[in-house]
Amino acid sequence: MNRISSLAASVGGLAGKRQGGVSRLLLLPASVAAAMLVGSVFILAVGANPLEAYYYMLIRPLTSVTALGEVSMYFTPLLLVGIGVSFAFHAKLSNLGGEGQMLFGALGMTLMGIPPVGGALGIWSLPAGILLGVALGAGWAAIAGYFKFKFHASEIIITLMLNYVARQIISYLVFYPLRSGAEPQSAKLAAALPKLWATSRLNWGVLIALVLTVVYGVIVRRTAFGYRLRALGDSEKAAVYGGVPKDRYYFLAMVLSGALCGLAGALQVSGNTMRLMEGVAGDFGFGGIVVAMLGGLHPLGIAAAALFMALLSAGSVTMQVKTGIPTSFTSVLEALIVLFVLLGMAVGGMKLGRKGDRS
Amino acid sequence: MKRHTKILSLALTLTLSAGMLAGCGGSPAGQSAAPASGGASSAVSDRSTVSKIAILLPGSITDESWNQTAYEGLMQIKDAGYEVAYTENVGSNDMEAVFRSYCEDGYDFVIGHGAQYGDACCRVAEDYPNVNFFITGNAPEDISEADLPANIMFADYRECEGAYVSGVVAALMTKSGKVGYVGGGNNTTQQSDKNAFIEGVASVSADVEVKTVITGTFDDSALGKETAIAMIEDGVDVILQTCDHTGLGVLEACSAEKVYCIGYTSDQSALVADGLCLTSMMVDIPYMISSQIDLIKAGGYGGQAFPGLHDGVVSMAAFSTEVSDDVAGQVNAVIDQIKSGELVITPNYNEN
Amino acid sequence: MDASSVFNAGFLAALFASGVRQSVPLIYGSVGDTLSEKSGVMGICIEGEMLFGAFFSYLFALRTGSLWAGVLMGAAAGMLSSVIVAVWSVLLRQDQAIVGIMFNIFAMGFTNFLNRLIFGTSNANISVETFSHIPIPGLSRLPFVGDVFFNQDILTYLSVLLAAVVYFVLAKTKLGLRLAAAGENPKAAQACGIRVARFRFLSYMFCGFSAGVAGASLTLSSVGTFTEAISAGRGFICLAIVILARWNPLMAVVAAFGFGSIQALQIRLQVLGSSLPYQFFVALPYLITVLVLVLAGRNIRAPRELGIPFERERR
């Protein structure tokens, strides 16, 4: 065991950062392919054809605008949560609280969209809801950010715990004060996100997410803020020595992260469910982490990874219908892909968009 | 070493892609199963036919209850020669996507198993006017009846009638004067079950106390068991559960503590020892679905229906040996009253 | 609510007895996690390991007819599954939180998959006899505490024993000191000849073993059957317990008992007709954890290098 560990360490040490770009280009697809290969074992176990299954998951959803609209329902939140958690990852913070932050974002949109406010605002409830959603998502994440810089409490534990708390708060709200009618859900929103295409569910959310991905790229790569954030992630000691106010940056990274997750939640109610209900954040909190990892925290990479994961989700129903593989296989495959990508990155001596040196 | 890494990863890629091709064999599936073009509108033209049926389930098909009976019903339909499909654990995010996915794949009868699917179904049904939809629950209350798409049937079935009868059974069988209800939580059906159970108990005796617990989960059988034990310790000696996996724990506790219980969705007497499972309030989901197929074939499908004990959709399982003829007679009299319409159980969705 | 029915001894004894029963999986999980966190690795994966333990303990107890075979296989399954986590987190030095979360997703899908493969869609009819209660002679006769603490099943007694052993090892032995060194200052530990990676790898395995037993206690002490997703978030409560107990296994027993009793109380409050929304109680353990982190934040000190992958000095 020790030998493996020292081997891995030496590989890691020698594969420097400069050639990381090239080997990542090869390693990521290789890792994904390896995961899909292991996934094939499961597919074969239920007596289906893996190639057929992957065709329905990855290619079929791209064949019509209507189907693309369905992909966008997964793509938009995955992309937003993906760039959201990436902000935190750059500072070497793990934001596992995307789900809770999304729920609060969804709540913000709902409060602006339902009576009494929604009717009065009309279409203006959308920007108002987005603003409030972003604020609530950021606020929920700020709790974890505050504890991190105030008490050095593990943001991993706190964001994780706060997911459960947020879930129960939303459950309480749709069950009692916000409940409309018999089902535990809020009233219908006054306005839906405008569509981009008549026969498809494609809406403005996709554009918002794509624009913000570009903004994310600029902030991280072209601004002093982004540079310092990455410096902090590379080596806290060196960054602090270089004059980065680390507590403020940790806090800001967390808040930005939560703001984007909140936006994802706001777009989720106004572009998909139209009401606040339990489970409105789905698995996007963890899905966004997968996307950020697969994308190597690079804006283009994150967008590509979000598309890939969205295809898996959108195609999983058709895959199940045509091949009899349960849709839960999608989550097994997701987990496998991440584990294999981590493996690939370890072999290639890469770290999640940041160098290995810690102290 | 640098070079090695590259070669290694390249080799890995090649081996794996080759492995995938070789391992799976055959031609790419895409060729044999080309995407159906044109979507549903061209594939399905007449609303009075049905050939491919799909169902959206909120939980897992192994829950011995709400979802599993739907699955079993679907399998019976499959045996009758129809093409069927199902999707489990469809949450609020995925509802519309899954509905649309089935419509695009040429399914001409799509069922949402629970009132929570009504809203999403209304949005989808307008885009697929030639597909029939069925929701096993009430229509969304804030959509006026005139605005409901014509191609959806809502079966606001009266599960609460079964809960009312269960209340009567419980009140007649209790010796301690305390009976219990364990619910999973968060939907209209559960709420009306709880209220109807309380009404049923009260109709027999004002002195019997009803203890109710909402566990908040349909998955945690260990919690269900502890819940039942807490009730039993409080003196409860008959328990109705309506919470799937969680309810299995309730039955387990009743079996262990030798206390009466009432099963849910299917006849659960086999799960409990010594005839302690007095009866089960059953919802005949296979019947509910197969009768829809006849309705579709009759033409003009859609609207709202309120099936219950009268229609055989809700029924009570055979009484166990613990139930005396006298009690059985009284319960059957209540069932007959409900069937004849003499006694009307209105679903009450309110808290408490 | 009738106050007299709350404060009589019989009610309280029943409440705490239920609290003890519900704390057993939490004790196993949190004791395992305490040890692994001491060495510097976080047991986010407990939730998934519990599922492995629950499924395989049920499967083997059913097939062999022996509950002990079930417990052993459940523990073994938890331990083997933890090797996945250990390889990725310790050997490959990847982010423990991400590996743990992904492992949990995998475990959920995998156990459901196996359950259907082996039992089809129905296994509720097939249940195993659960462990019976063993009154401890003498002690179980004590008023009040006798019923609460000394009339439980064997896995309950063993959980406390395990906590005591882990406490002893961590606090009183050289092994424990070395383990803590791996979590506090791995570089210095390595310099002193402690094999940090090996310690962390093995402590992950111990955590998996313990979480496996936790899973077994769910199926073999409580319900006698496996249902999908039976761990129901208990693994995450264990993480909270470890923090509340400040990385002390004996305190973890107390904290687990506290959470078990809160759960038992919330059920009974509902039985008694309390109108507090159930969501409040479901969120309570998590809220308490966060609040404790706030109120006692500065005094709570985790192992210094907890969650940070260890890399040896490059030469």
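The values are calculated or read from the model by the stated rules, or taken from the named source; none is laboratory data. It should be emphasised that the depicted structure is a prediction, and the values quoted were computed from it without experimental measurement. Using ideal geometry, Cβ is built from the backbone for each residue, glycine included, and neighbour counts are taken over all protein chains shown. All accessible areas refer to the heavy atoms of the entire protein, side chains included, with ligands and DNA or RNA removed. Shrake-Rupley method; radii C 1.70, N 1.55, O 1.52, S 1.80 Å.
The requirement of being surrounded by 24 or more Cβ atoms within 10 Å (Cβ to Cβ), more than 19 Å from C:A107 (Cα to Cα) and touching a residue at least 12 places away in the same chain (Cβ under 8 Å) is fulfilled somewhere in the range C:205-220, by at least one residue. When the range C:243-295 is limited to residues that are more than 9 Å from every other protein chain (Cβ to nearest Cβ) and not in a helix (DSSP H, G or I), the one that is surrounded by the fewest Cβ atoms within 10 Å (Cβ to Cβ) turns out to be C:L276. I'm checking my understanding of the structure. Among residues of the range A:261-293 that are β-branched (V, I, T) and at the interface with chain B (Cβ under 7 Å from one of its Cβ atoms), which one is farthest from the chain's Cα centre (by Cα)? Taking the candidates together, the pick is A:T273. Here A:T159 passes the criteria (1) within 18 Å of the chain's Cα centre (by Cα); (2) away from every other protein chain (no Cβ under 14 Å); (3) not small (G, A, S) except the one numbered (2). Residues in the range C:47-73 that are in contact with a Lys or Arg (Cβ under 9 Å, 6 or more places away or on another chain) and open to solvent by 10 Å² or more (accessible area, probe 1.4 Å) were compared, and the one that is nearest to C:M205 (Cα to Cα) is C:E47.
In the list A:G139, A:G118, A:G122, A:G129, which residue meets the criterion of being open to solvent by less than 30 Å² (accessible area, probe 1.4 Å) and either within 14 Å of chain C (Cβ to nearest Cβ) or modelled with pLDDT of 95 or more (or both)? Walk me through how you get there before you give the answer.
On the way: A:G139 fails: open to solvent by less than 30 Å² (accessible area, probe 1.4 Å); A:G118 fails: either within 14 Å of chain C (Cβ to nearest Cβ) or modelled with pLDDT of 95 or more (or both); A:G122 fails: either within 14 Å of chain C (Cβ to nearest Cβ) or modelled with pLDDT of 95 or more (or both).
Every option except A:G129 fails the conditions.
Does A:G105 qualify as being within 23 Å of C:I98 (Cβ to Cβ) and more than 12 Å from every other protein chain (Cβ to nearest Cβ)? Yes. From the list B:S166, B:S101, B:S176, B:S92, the one residue that fits, being open to solvent by 20 Å² or more (accessible area, probe 1.4 Å) and either at negative phi or assigned to a helix (DSSP H, G or I) (or both), is B:S176.
B:S144 meets all of the listed conditions (1) within 22 Å of A:T330 (Cα to Cα); (2) open to solvent by 20 Å² or more (accessible area, probe 1.4 Å) but one, namely (1).
What number of residues in the range C:201-215 are of a type in the set (G, A, S) and either within 12 Å of another protein chain (Cβ to nearest Cβ) or more than 13 Å from the chain's Cα centre (by Cα) (or both)? Give the steps one after another, and end with the answer.
Residues of the range C:201-215 of a type in the set (G, A, S): C:203, C:208, C:210-212, C:214-215.
Filter once more, keeping what is either within 12 Å of another protein chain (Cβ to nearest Cβ) or more than 13 Å from the chain's Cα centre (by Cα) (or both): C:203, C:214-215.
Count: 3.
Scanning the range B:62-89 for residues that are part of a loop (DSSP other than H, G, I, E, B) and within 9 Å of chain A (Cβ to nearest Cβ) gives B:E88, B:N89.
Could you go through the range A:266-287 and let me know if any residue there is in a helix (DSSP H, G or I) and farther than 21 Å from A:T110 by Cα. Checking the range A:266-287: at least one residue is in a helix (DSSP H, G or I) and farther than 21 Å from A:T110 by Cα.
For the range C:100-193, which helices (runs of 4 or more DSSP H) that fit wholly inside it have 1 or more residues that are more than 22 Å from C:G224 (Cβ to Cβ) and touching a Cys at 6+ places or on another chain (Cβ under 8 Å)? Please lay out each step first, then the result.
Details: elements: C:145-149, C:154-172, C:174-184, C:186-191.
So the answer is C:174-184.
Check the range C:74-82 and report whether any residue there is surrounded by fewer than 24 Cβ atoms within 10 Å (Cβ to Cβ), farther than 25 Å from C:F259 by Cβ, away from chain A (no Cβ under 14 Å) and out of contact with any Asp or Glu (no Cβ under 7 Å at 6 or more places or on another chain). Checked the range C:74-82: at least one residue is surrounded by fewer than 24 Cβ atoms within 10 Å (Cβ to Cβ), farther than 25 Å from C:F259 by Cβ, away from chain A (no Cβ under 14 Å) and out of contact with any Asp or Glu (no Cβ under 7 Å at 6 or more places or on another chain).
Are any of the residues in the range A:147-165 more than 17 Å from A:S270 (Cβ to Cβ), in contact (Cβ under 8 Å) with a residue 60 or more places away in the chain and of a type in the set (G, A, S)? No, the conditions are met nowhere in the range A:147-165. Regarding the range C:131-148, can at least one residue be identified that is open to solvent by 50 Å² or more (accessible area, probe 1.4 Å), hydroxyl-bearing (S, T, Y) and over 22 Å from C:C45 (Cα atoms)? Among the residues of the range C:131-148, at least one is open to solvent by 50 Å² or more (accessible area, probe 1.4 Å), hydroxyl-bearing (S, T, Y) and over 22 Å from C:C45 (Cα atoms), which makes the answer yes.
A:F147 - would you say it is surrounded by fewer than 20 Cβ atoms within 10 Å (Cβ to Cβ), at pLDDT below 95 and touching a Leu at 6+ places or on another chain (Cβ under 8 Å)?
Details: surrounded by fewer than 20 Cβ atoms within 10 Å (Cβ to Cβ): no; at pLDDT below 95: yes; touching a Leu at 6+ places or on another chain (Cβ under 8 Å): yes.
Criteria not met by A:F147.
Flag set for B:T217, criterion: in a loop (DSSP other than H, G, I, E, B), within 11 Å of another protein chain (Cβ to nearest Cβ) and not charged (D, E, K, R).
Mind listing just one residue for me: the one in the range A:296-343 that is assigned to a loop (DSSP other than H, G, I, E, B) and among the hydroxyl-bearing types (S, T, Y) and, of those, most open to solvent (accessible area, probe 1.4 Å)? Give the steps one after another, and end with the answer.
Let us first name the residues in the range A:296-343 that are assigned to a loop (DSSP other than H, G, I, E, B), namely A:296-298, A:324-328.
From what is left, the residues that are among the hydroxyl-bearing types (S, T, Y) are A:327-328.
On the way: A:T327: 31, A:S328: 51 Å².
Here the residue is A:S328.
All told, C:I230 falls short of being touching a residue at least 60 places away in the same chain (Cβ under 8 Å), under 30 Å from B:K211 (Cβ atoms), within 17 Å of the chain's Cα centre (by Cα) and in a helix (DSSP H, G or I). For the range A:9-54, a residue qualifies if it is within 24 Å of the chain's Cα centre (by Cα) and either at the interface with another protein chain (Cβ under 8 Å from one of its Cβ atoms) or modelled with pLDDT under 85 (or both), and the qualifying residues are A:G20, A:G21, A:R24, A:L25, A:L26, A:L27, A:L28, A:P29, A:A30, A:A33, A:A34, A:M36.
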